[in-house]
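Colleague: First the structure, then my questions, so here it is.
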Amino acid sequence: MACAPRTIVYQTFPGQSAAEPIPPPPNLTDEQLLGFVRPPGMIQDPQTGHRALPAVMRAFWAFKAQAKTEGWNLILVSAYRSYRDQRRVWNQSDDAYLQRGATDQKKRVEAVMSLVSVPGLSRHHWGTELDISESSLRGQLVNVEPDTPGRVMKFYTWMQQNAPRYGFCQVYLGQKGAVHNEPWHWSYLPYSTKYQKQFMGIQDFKKIFDVNVEDVDYLMKNFNRILKGEKNSINPACGD
């Protein structure tokens, strides 16, 4: 998928008289990239309470305003998530598979990873990632299946055509790697390209192996393969 240019100094939104400069991405520490410390200066979406870095949220608000003029009512389902938030989501998903009888640890972890990033490896820690739905979907994040309703597919097509104008790139296309297609997950490219490069340079991931994370023993033993699977899942147009 073609996304917004990788180097964006000015962003023009519909209705603006001139392009506005994008502030440089704030510097994040490794602790922030791993979700243990909140990125600086994040602002809140008044409708949902979710938070993101200021340039990210303002781009979303401008995109939301345009969408409304074209009959789409965007809903922010998720944005910044801390390590603790991601651990809760991971554990809930892992428990759900266990309750359905998924006792094989390898298969269960792979199934969870197809839907939820390992705590500490989630891009949602950076304040640059948004999960976007629409009111006609009732805020749901709907996978693309053979029986997916036509209006949902029309919405996703519209997003793919218009979100890049605001600096957003669809991160997960489900073509390879660990993560399935996520047509709702959008990354703010002017910032996330920097953080992705920094994240891939992190040498010490020991802190993410919290004993309160389900299947942490498996994650530790297979971490190199798991990290590679996460990296390979990323749409190349959203990377470096």
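The values are calculated or read from the model by the stated rules, or taken from the named source; none is laboratory data. What you see is a predicted model; the values in this text were computed from it and never measured. Methodologically, a virtual Cβ is constructed for each residue, glycine included, from the backbone with ideal geometry; neighbour enumeration extends over all protein chains shown. The protein model used for the area step is the full one, side chains on, heavy atoms only, and it has no ligands, DNA or RNA in it. Shrake-Rupley method; radii C 1.70, N 1.55, O 1.52, S 1.80 Å.
Colleague: Residues in the stretch 38-95 that are outside any strand (DSSP E or B) and farther than 26 Å from LEU28 by Cα: how many?
Modeller: Matching residues across the stretch 38-95 total 16.
Colleague: Just checking, does the stretch 72-82 include any residue being over 18 Å from ASN212 (Cα atoms) and surrounded by fewer than 16 Cβ atoms within 10 Å (Cβ to Cβ)?
Modeller: Checked the stretch 72-82: at least one residue is over 18 Å from ASN212 (Cα atoms) and surrounded by fewer than 16 Cβ atoms within 10 Å (Cβ to Cβ).
Colleague: Please enumerate the residues belonging to the stretch 32-61 that are in contact (Cβ under 8 Å) with a residue 24 or more places away in the chain and open to solvent by 30 Å² or more (accessible area, probe 1.4 Å).
Modeller: Answer for the stretch 32-61, where residues must be in contact (Cβ under 8 Å) with a residue 24 or more places away in the chain and open to solvent by 30 Å² or more (accessible area, probe 1.4 Å): PHE36, ARG38, GLN47, THR48, HIS50, ARG51, PRO54.
Colleague: Does GLN198 satisfy the criteria of being open to solvent by 50 Å² or more (accessible area, probe 1.4 Å) and modelled with pLDDT under 95?
Modeller: So GLN198 does not fit the description; no.
Colleague: I've got another one for you. Restricting to the stretch 97-123, name every residue that is out of contact with any helix residue (DSSP H, G or I) (no Cβ under 8 Å at 6 or more places or on another chain) and either at pLDDT 95 or above or outside any helix (DSSP H, G or I) (or both).
Modeller: ARG100, GLY101, THR103, ASP104, SER114 - these are the residues of the stretch 97-123 that are out of contact with any helix residue (DSSP H, G or I) (no Cβ under 8 Å at 6 or more places or on another chain) and either at pLDDT 95 or above or outside any helix (DSSP H, G or I) (or both).
Colleague: Checking the condition part of a helix (DSSP H, G or I), touching a residue at least 40 places away in the same chain (Cβ under 8 Å) and surrounded by fewer than 19 Cβ atoms within 10 Å (Cβ to Cβ), which residue from ARG151, ARG165 passes?
Modeller: None of the others qualify; the one that does is ARG165.
Colleague: I'd like the full set of residues that are surrounded by fewer than 23 Cβ atoms within 10 Å (Cβ to Cβ) and over 17 Å from ILE75 (Cα atoms), limited to the stretch 173-190.
Modeller: LEU173, GLY174, GLN175, LYS176, GLY177, VAL179, HIS180, ASN181
Colleague: Out of the residues in the stretch 217-240 meeting the condition of being part of a helix (DSSP H, G or I) and charged (D, E, K, R), tell me which one is least open to solvent (accessible area, probe 1.4 Å).
Modeller: If we take residues in the stretch 217-240 being part of a helix (DSSP H, G or I) and charged (D, E, K, R), then GLU230 is least open to solvent (accessible area, probe 1.4 Å).
Colleague: Filter the stretch 74-99 down to residues that are farther than 22 Å from GLN32 by Cβ and charged (D, E, K, R), then give me how many there are.
Modeller: 2
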